[in-house]
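The values are calculated or read from the model by the stated rules, or taken from the named source; none is laboratory data. Because the structure is predicted, anything quoted here is derived from the model rather than measured. Backbone-built Cβ (ideal geometry, glycine too); neighbour counts: all protein chains shown. Ligands, DNA and RNA are excluded from the accessible area calculation, which covers all protein heavy atoms including side chains. Shrake-Rupley method; radii C 1.70, N 1.55, O 1.52, S 1.80 Å.
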Amino acid sequence: MRLLIQLAAVLSLGLATPAFAQSSSPAAAPPACANGQTSTASAPCTPAPSSDQSTAAAASNSGAGTIVVTARKTTEAVRDIPATINAVSQAQIAATGPLIGTQDLLRTVPGVRFNNLQAPNLSEISIRGSGTERATGADSGVGLFVNGAYVGSSTLGGRNFKNVDFFDLDRVEVLEGPQGALYGRNAEFGVVNLVSAKPVFSDTGFASNTYTAYLQQDQLIGVVNYVLSDDVAVRLGAEAMGQSKGFYFNPDNNEYYDKTQGWIARAQIRYRHGPWDIDLLADAQDMNLPAFVSGFQIAPGVSAAVPLGFTNDRFTVPSSGLNSTEQQVQRIQLLGSLDLGWGQLSSTTMVTHSNSLQYFGSSIDLTEEGQLQKLGEIGAYPLSQTHTGALDTTYYEDLHLSGKAMDGALSWLVGGEYMDQHDTNLLTIASNPCTLTAKTSICGGQPGALICYAVMPADTACPATYPLAFGSVSNTPQHYQSEAAYGSLTYKIQRFTLSGEVRYTNDDKVATVVSTALYTGLTTTPTTTHEFTGAKPSFTLTASYKLPTPWDDMLYAKTGTGYRSGGVNPGSPLAAEPVPFQSTYGDEDTVSYEAGFKGNLGPDLFLTLDGYFSRTGNAITSVNDGCTLINVCGRAQEIFNINGGTVHAYGVEANLAGRFDLFGGKLNADVAAGWQHATFVAVGGAAATALPVVGSSVAQLPVWTESASIDYYHSITENLAGFVHAVYTGQSGGGQDTVTPLAPFVPLSEINDVALRTGLDYRKLEAAVFVQNLTDESLRLLILQTAGVTTSVRWNQPRTVGINLTYKW
């Protein structure tokens, strides 16, 4: 399937008639254009897509290389930046189908992978060799930014964007490779910056409704933009989402695990007068999102607790516990710029408060446990419950000044950054207070209100006093304060350009771990406080050369450094766990090298090609304690971080984009692929049972990632046009988790995903039909194992079909 789709995209490129060079790249020194127009050799001034153009038409008018970004904190075209930079416009995102999660933003970016576990609080982004850690308490190795403000954290959900972050977007900017010099902490493998749509100085807006069949999900979005005066414009937007069905069902409480419902609201006011441009944004969300559910899948003869084996139905998973995910966010951002004539002063201020809650219980209920006991099996404790919570308050400030000198040959930038972040991590685990056998009742309740559930008539009664703890509570408040100064210089010497970026960061992170017994509040381990401090220099050096071609193609080479801050693992040790829990881990440091090419293969084909190598010391590595509901632990596994050793990563990425005339219409085609490899070349610093195996691969890092997209737009009459948009994304190779002496290699599922969207434009109205997971692939997104034995599996979402109506003015 992967080869067929990529071949179709390449054939489309080859059969098309060249005509639209402006979509692939501008020629050398194009004439200046006004009113947001773009220019090329073959089309001196092409109007930029207007606000009342259809989504499909706007996507068709998007050009590779011409998108303007602020990736290096100044305004530049993608093709002029000597690094691997990808920019995806709002129109290109909307053309692929409904925007529900982060995976919809990044599906066509080479070298970038979204580890989608169908549970937003646990899903996360990886770039190149960063891998992922299944959303444990570590910061991401990828910097997460919204309008240039850092929104990541080491809390639950802090390694993924929230829904409000990608509401009413203008574009997505993805910077691959080390970005520590300009972006600081946790940008060692790259940065994803989401840029919101600002108020514009014309009365515009849109209303959109998306209905997904079977799920019975409605997504209603409305955005209005009003001009109040020559200097002031406002933009108001809201989204409401409701869902009455789903694929994954819990019959115990008549609820769907994969429900999504809630609201998002945003208000902006922009003042633009003379040299001043100020935008004040306030937004919020209150969302119920898909819960984490993994069904048992235990083969016969591999578990003493269920020797006959036990497998849940894929879509119906009974659970006696709570299963939900909730996210609330409130945020204010103030974005300002002042043109001083000799320089540009820019400021980004953000205050945000968020609360992320997650509950998941055992994938078995009391009735199923009774059926297992009837067969003489021990089964699993059906009242197990895990609750995670993350409370985050962040203040962020960035102020920088940029300008040019020596007739534009020298570009400079100086700036400073400050972040103050208060987090609280909560982890509550309810476990069996009694020993589970095939002939005992189930112990439940809490001290002072004990409940005994006899799932079989002949079950022995629960003991008068429960011998074990009901569970544990780990509460970890954390204060993270960071200050930094940074700067950059870029000097052009004819066709050569040399640039350097440098940053000096001071970090101070203090975390206190409080571990108590569930319900009683009695301290189980001494309260400990851990502090991580450090003064970190980071740098980036880049050299580039513009080739003497009609399109000023570029060769470049780059090296840089970055780091990720150490921290504390939320959780508490358990004497029976096979892999001893560790409470802290230290900083991780990376140095990376990259070389690449950006340019045209012809007037209509734009190519980016790069190769990279990185070395990461004290690599933050995710391992699990080996616990399950059916072994001596009697509870779900805990995942925690260690400094696993030294990792070497290398890879190659390519992206070919073009735009053409085809059968009287306009075709955009894009093919991308990435090959990557990251392994532990040395280990040390942790318990031997937790250390990665030398030569094993970094977790959650596919060897191959591929994508292909085709967008075709054809006018039928003066007011009517048709369009079709298809996207393929794939991955293969790689392993799911860190390989240790107690955790064998688990291969990642091979993914071949196709999304299709087609419809009609009639004046300002667009109607479309979309299909996600067109081939109805069944994928095991997560396989939970203990000592090489599979215990449970998390599945993907089957094929969905829906319709979308959008009206723009």
Exercise. Of the residues that sit in the range 122-169 and are in contact with a Ser or Thr (Cβ under 8 Å, 6 or more places away or on another chain) and in a strand (DSSP E or B), which one is surrounded by the fewest Cβ atoms within 10 Å (Cβ to Cβ)?
Worked result: 169
For this session: Could you please let me know if residue 208 is open to solvent by 10 Å² or more (accessible area, probe 1.4 Å), polar (S, T, N, Q), at pLDDT 90 or above and part of a loop (DSSP other than H, G, I, E, B)?
Result: no
For this session: Run down 665, 722, 674 and say which single residue is touching a Phe, Trp or Tyr at 6+ places or on another chain (Cβ under 9 Å) and surrounded by fewer than 16 Cβ atoms within 10 Å (Cβ to Cβ).
Result: 722
Exercise. Limited to the range 470-486, what total is found for residues that are surrounded by 20 or more Cβ atoms within 10 Å (Cβ to Cβ) and within 30 Å of residue 529 (Cα to Cα)?
Worked result: 10
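Among the candidates 642, 630, which residue alone is β-branched (Val, Ile, Thr), in a strand (DSSP E or B) and touching a Gly at 6+ places or on another chain (Cβ under 9 Å)? Can you show your working first?
Numbers: 630 fails: in a strand (DSSP E or B).
Of 642, 630, the one residue that is β-branched (Val, Ile, Thr), in a strand (DSSP E or B) and touching a Gly at 6+ places or on another chain (Cβ under 9 Å) is 642.
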For this session: Quickly run through the range 619-633 and pick out the residues that are crowded, with 22+ Cβ neighbours inside 10 Å and not small (Gly, Ala, Ser).
Result: 620, 621, 623, 624, 625, 627, 628, 629, 630, 633
Seminar exercise, completed: All-but-one check, residue 562 against (1) within 32 Å of the chain's Cα centre (by Cα); (2) open to solvent by 40 Å² or more (accessible area, probe 1.4 Å); (3) within 29 Å of residue 111 (Cα to Cα), failing number (2)
For this session: Look at residue 371 and say whether it is free of Cβ contacts under 8 Å to residues at least 12 places away in the same chain and open to solvent by 50 Å² or more (accessible area, probe 1.4 Å).
Result: yes
For this session: Restricting attention to the range 528-576, report how many residues are modelled with pLDDT of 90 or more, aliphatic (A, V, I, L, M) and farther than 18 Å from residue 78 by Cα.
Result: 2
For this session: Can you give me the number of residues within the range 439-463 that are under 12 Å from residue 519 (Cβ atoms), open to solvent by 60 Å² or more (accessible area, probe 1.4 Å) and in contact with a Cys (Cβ under 9 Å, 6 or more places away or on another chain)?
Result: 1
Seminar exercise, completed: Checked the range 458-484 for anything out of contact with any helix residue (DSSP H, G or I) (no Cβ under 9 Å at 6 or more places or on another chain) and of a type in the set (D, E, K, R); matches are 483
Problem set entry | Failed item in (1) within 22 Å of the chain's Cα centre (by Cα); (2) at pLDDT 95 or above; (3) open to solvent by 20 Å² or more (accessible area, probe 1.4 Å); (4) under 29 Å from residue 315 (Cα atoms), with residue 265 passing the rest | (4)
Problem set entry | Only one of 636, 535, 575 that is small (Gly, Ala, Ser), open to solvent by 20 Å² or more (accessible area, probe 1.4 Å) and in a strand (DSSP E or B) | 535
Exercise. Is there a residue in the range 297-315 that is buried (at least 21 other Cβ atoms within 10 Å of the Cβ), over 31 Å from the mean Cα position of the chain (by Cα) and of a type in the set (Phe, Trp, Tyr)?
Worked result: yes
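Quick check: is even one residue across the range 383-400 within 30 Å of residue 493 (Cα to Cα), modelled with pLDDT of 95 or more and open to solvent by less than 30 Å² (accessible area, probe 1.4 Å)?
So the first thing to find is which residues in the range 383-400 are within 30 Å of residue 493 (Cα to Cα), and the list is 399-400.
Pick out the ones that are also modelled with pLDDT of 95 or more and you get 399-400.
Of the ones still in play, those that are also open to solvent by less than 30 Å² (accessible area, probe 1.4 Å) are 400.
For the range 383-400, residues within 30 Å of residue 493 (Cα to Cα), modelled with pLDDT of 95 or more and open to solvent by less than 30 Å² (accessible area, probe 1.4 Å): present.
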Exercise. Which condition breaks for residue 511 when tested against (1) within 19 Å of residue 155 (Cα to Cα); (2) touching a Lys or Arg at 6+ places or on another chain (Cβ under 6 Å); (3) of a type outside the set (D, E, K, R)?
Worked result: (2)
